[in-house]
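Read through the structure below, which is laid out as structure tokens, and then see the notes.
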Amino acid sequence: MSELFEDDGPDSGPSNAYDFTVSELSGAVKKTIEGTFGHVRVRGEIGRVSRPRSGHLYLDLKDDRSTLASVIWKGTLARLAHQPEEGMEVVATGRMTTFPGQSKYQLVIERIEPAGMGALMAMLEKRRAMLAAEGLFDEDRKRPIPYLPEVIGVVTSPSGAVIRDILHRLRDRFPRKVLVWPVAVQGQACAGQVAAAIEGFNRMEAGGRLPRPDVLIVARGGGSLEDLWGFNEEAVVRAAAASSIPLISAVGHETDTTLIDHAADRRAPTPTAAAEMAVPVRLDLVATLDGQGARLIGGFSRYLSWRSERVRDLSRALPRPERLVESPRQRLDHASHRLPAALSRGVTDRRARLADAAAALRPAGASARLTAARDRLTQADRLRPALARNAAEHRRALSQQAGRLRPDPILHAITRRRADLDRIWSHLAAAAAALRAERARHLAALDRTRLTLGPSETLARGFAIVRTGEGKVVTTREAAAGAGALELEFRDGRLPVGGPGATASAPALRPAKPARRKPAPPDDDQGSLL
């Protein structure tokens, strides 16, 4: 193979070396690499992982100085006991090959075994657990983003495409004042400058020379784990968690995750999405306000029209004031005519009762009543011995009965009667509850039937009620032809048709009267039994 690549130099004159085509040379290199490295074991950390629709897995094996492109075919990937993940330290076994289409070599992995997490990922996980234990990532610490901030502070590189994307999106959606704090977004100076920028924005006072931002955006484009490492530093995370100004993190692309994303109040998948989170769309807001205003004016106008019509309807139902006092005035006149005769009869009746009472108070009548009362008292003196004898006889009979009466039979009878009463009462209560439930179910079924057969349900099925202008229901064609004006009642209101009260362009709709529901049956036991 060394003769194939032999070069005699530019001054050696014409050469008899074989002219390879590109495909022949690529094939020769492929055979050399596959023959020399047909079976290798490689130890390294898994870098970026890609899973296309083909089902194969493409990944990078790297150490602190080099990166090796690798691939795991779909059939091999399904047999692996451990699926590769970014940051894992593994030992891969396979064979080296080349990909002539891109002039690159790669490792075809046939077996892969975990060898421990990478140093960076292990450090990142340890730091994340420590900060989470301190409560810096808790949801109750996060503040809401203002709906329409006046000033937006942006922490990013002033020379990258990120700031242009943010300004462009803010200008399209809702132009706002923007303060840019320039920082390095990667490298050793990144963490210190980003933390200082967040703290500097928070130290601004309202009403100062520079306006204090209402919301902060920390933004950076995508990159590898090493490029984004500055946003995983503890100083940056603590500054974001301590910020009194709501903060949006827009570091990397949607698949990139850093520790500042957990400490921020909101995380945006891209810097452009962060600008969309910060402000609403002005045109949409104006259109919404216009629509709400139009709906408010229209609703208020319809409400006033309906109330006016309602007042007119009620006024027609009220009687005239003179009619209200006609009947009371007539009753007053009739009573005034009867009053003198009634007074005369009352005086005559009272004079007669007074004469009768005066006759009873004469001396002769009083003496007779006194004699009769004295005779009754004499008879009472003769009754005293008889009463004493009767009391003695009853006392003896009671003594005899008391000897035969004992409390035990009475108590036993009372206990038995009480048990019977409790049993009857429990049966009565159960029967009452069952009867009440049955009556409630029957009443509910009747109410459902009433609603189904009621006019509101009939209107909801597409029918309409035809009335004349006076409110009478029209059931025949002859009655409809003879009516001056008609009114159709639909499910959602009434529509005048013809006559002076209707217009051809915009007929007024009146809301239908709601169907009255029967009152619920009483809930107490006594009412249910009755």
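Conditions tested, residue by residue: (1) buried (at least 18 other Cβ atoms within 10 Å of the Cβ); (2) without any contact (Cβ under 8 Å) to a residue 60 or more places away in the chain; (3) in a loop (DSSP other than H, G, I, E, B); (4) of a type in the set (Val, Ile, Thr).
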{"position": "GLN188", "(1), (2), (3), (4)": "no, yes, yes, no"}
{"position": "GLU199", "(1), (2), (3), (4)": "no, yes, no, no"}
{"position": "ASN202", "(1), (2), (3), (4)": "no, yes, no, no"}
{"position": "ALA206", "(1), (2), (3), (4)": "no, yes, yes, no"}
{"position": "PRO211", "(1), (2), (3), (4)": "no, no, yes, no"}
{"position": "LEU225", "(1), (2), (3), (4)": "yes, no, yes, no"}
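Figure legend. Inter-residue proximity from region 266-291: first residues farther than 13 Å from PHE174 by Cα and part of a loop (DSSP other than H, G, I, E, B), second residues at pLDDT 85 or above and β-branched (Val, Ile, Thr), beta-carbon distance below 7 Å, spacing 6+ or different chains. Indicated pairs: ALA268/ILE248. Once region 238-265 is narrowed to residues that are in a loop (DSSP other than H, G, I, E, B) and either surrounded by 24 or more Cβ atoms within 10 Å (Cβ to Cβ) or modelled with pLDDT under 90 (or both), the residue that is nearest to the chain's Cα centre (by Cα) is ALA264. From the list ALA440, ALA358, the one residue that fits, being in contact (Cβ under 8 Å) with a residue 24 or more places away in the chain and in a helix (DSSP H, G or I), is ALA440.
Is it the case, given these coordinates, that ALA235 is surrounded by 12 or more Cβ atoms within 10 Å (Cβ to Cβ) and either within 30 Å of LEU136 (Cα to Cα) or free of Cβ contacts under 8 Å to residues at least 24 places away in the same chain (or both)? Don't jump to the end; show me each part of the working.
Numbers: surrounded by 12 or more Cβ atoms within 10 Å (Cβ to Cβ): yes; either within 30 Å of LEU136 (Cα to Cα) or free of Cβ contacts under 8 Å to residues at least 24 places away in the same chain (or both): yes.
When the stated conditions are applied, ALA235 passes them.
All but one of (1) modelled with pLDDT of 85 or more; (2) part of a loop (DSSP other than H, G, I, E, B); (3) hydroxyl-bearing (Ser, Thr, Tyr) hold for SER426; state the number of the condition that does not hold. Evaluating SER426 over (1) modelled with pLDDT of 85 or more; (2) part of a loop (DSSP other than H, G, I, E, B); (3) hydroxyl-bearing (Ser, Thr, Tyr) leaves (2) as the failure.
Given the condition open to solvent by 50 Å² or more (accessible area, probe 1.4 Å) and within 19 Å of THR258 (Cβ to Cβ), answer yes or no: does some residue in region 100-117 qualify? Yes, region 100-117 contains at least one residue that is open to solvent by 50 Å² or more (accessible area, probe 1.4 Å) and within 19 Å of THR258 (Cβ to Cβ).
Residue by residue, here is whether (1) at pLDDT 85 or above; (2) over 16 Å from ALA460 (Cβ atoms); (3) assigned to a strand (DSSP E or B) holds:
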| position | (1), (2), (3) |
| --- | --- |
| ALA481 | no, yes, no |
| GLY484 | no, yes, no |
| GLU487 | yes, yes, yes |
| PRO500 | no, yes, no |
| SER505 | no, yes, no |
| ALA508 | no, yes, no |
| ALA515 | no, no, no |
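Scanning region 121-140 for residues that are surrounded by fewer than 13 Cβ atoms within 10 Å (Cβ to Cβ) and more than 19 Å from ARG266 (Cβ to Cβ) yields a total of 6.
The rows are residues; the columns are (1) farther than 29 Å from THR255 by Cα; (2) under 50 Å from the mean Cα position of the chain (by Cα); (3) modelled with pLDDT of 90 or more; (4) not basic (Lys, Arg).
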residue	(1), (2), (3), (4)
GLY9	yes, no, no, yes
TYR18	yes, no, no, yes
THR21	yes, no, no, yes
LYS30	yes, no, no, no
PHE37	yes, no, no, yes
ARG48	no, yes, no, no
SER70	no, yes, yes, yes
GLN83	no, yes, no, yes
GLN102	no, no, no, yes
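Among the candidates ASP492, ASP422, the residue that is open to solvent by 60 Å² or more (accessible area, probe 1.4 Å) and either under 38 Å from the mean Cα position of the chain (by Cα) or among the small types (Gly, Ala, Ser) (or both) is uniquely ASP492. In region 202-225, the residue that is modelled with the lowest pLDDT out of those that are more than 16 Å from GLU150 (Cα to Cα) and not small (Gly, Ala, Ser) is LEU225.
Inside region 453-474, residues that are surrounded by 10 or more Cβ atoms within 10 Å (Cβ to Cβ), more than 19 Å from ASP313 (Cα to Cα) and either without any contact (Cβ under 8 Å) to a residue 12 or more places away in the chain or more than 42 Å from the chain's Cα centre (by Cα) (or both) make up a count of 4.
For region 106-116, check the following and say yes or no: at least one residue is in contact with an Asp or Glu (Cβ under 6 Å, 6 or more places away or on another chain) and modelled with pLDDT under 80. It would help to see each step written out before you state the result.
To start, the set of residues in region 106-116 that are in contact with an Asp or Glu (Cβ under 6 Å, 6 or more places away or on another chain) comprises 115-116.
Now restrict to residues that are modelled with pLDDT under 80: 115-116.
Scanning region 106-116 turns up at least one residue that is in contact with an Asp or Glu (Cβ under 6 Å, 6 or more places away or on another chain) and modelled with pLDDT under 80.
Could you tell me which of the residues ALA402, ALA413 is small (Gly, Ala, Ser), surrounded by fewer than 10 Cβ atoms within 10 Å (Cβ to Cβ) and assigned to a helix (DSSP H, G or I)? I'd like the intermediate steps shown before the answer.
Details: ALA413 fails: surrounded by fewer than 10 Cβ atoms within 10 Å (Cβ to Cβ).
From the options ALA402, ALA413, the qualifying one is ALA402.
Quick one: which residue in ALA366, ALA372, ALA341 is at pLDDT below 80 and part of a helix (DSSP H, G or I)? Within the list ALA366, ALA372, ALA341, the selection yields ALA366. Scanning region 59-82 turns up no residue that is without any contact (Cβ under 8 Å) to a residue 60 or more places away in the chain, closer than 26 Å to LEU225 by Cβ, loosely packed, with under 15 Cβ neighbours inside 10 Å and touching a Lys or Arg at 6+ places or on another chain (Cβ under 6 Å). Taking strands (runs of 3 or more DSSP E) as the structural unit, those lying wholly within region 66-175 and holding at least 3 residues that are under 30 Å from ARG282 (Cβ atoms) correspond to 151-156.
The values are calculated or read from the model by the stated rules, or taken from the named source; none is laboratory data. No experiment lies behind these values; they were computed from the predicted model shown. Glycine gets a Cβ as well: all are built from the backbone with ideal geometry, and neighbour counts include every protein chain shown. Accessible surface is based on the protein model in full, side chains and every heavy atom, while ligands, DNA and RNA are left aside. Shrake-Rupley method; radii C 1.70, N 1.55, O 1.52, S 1.80 Å.
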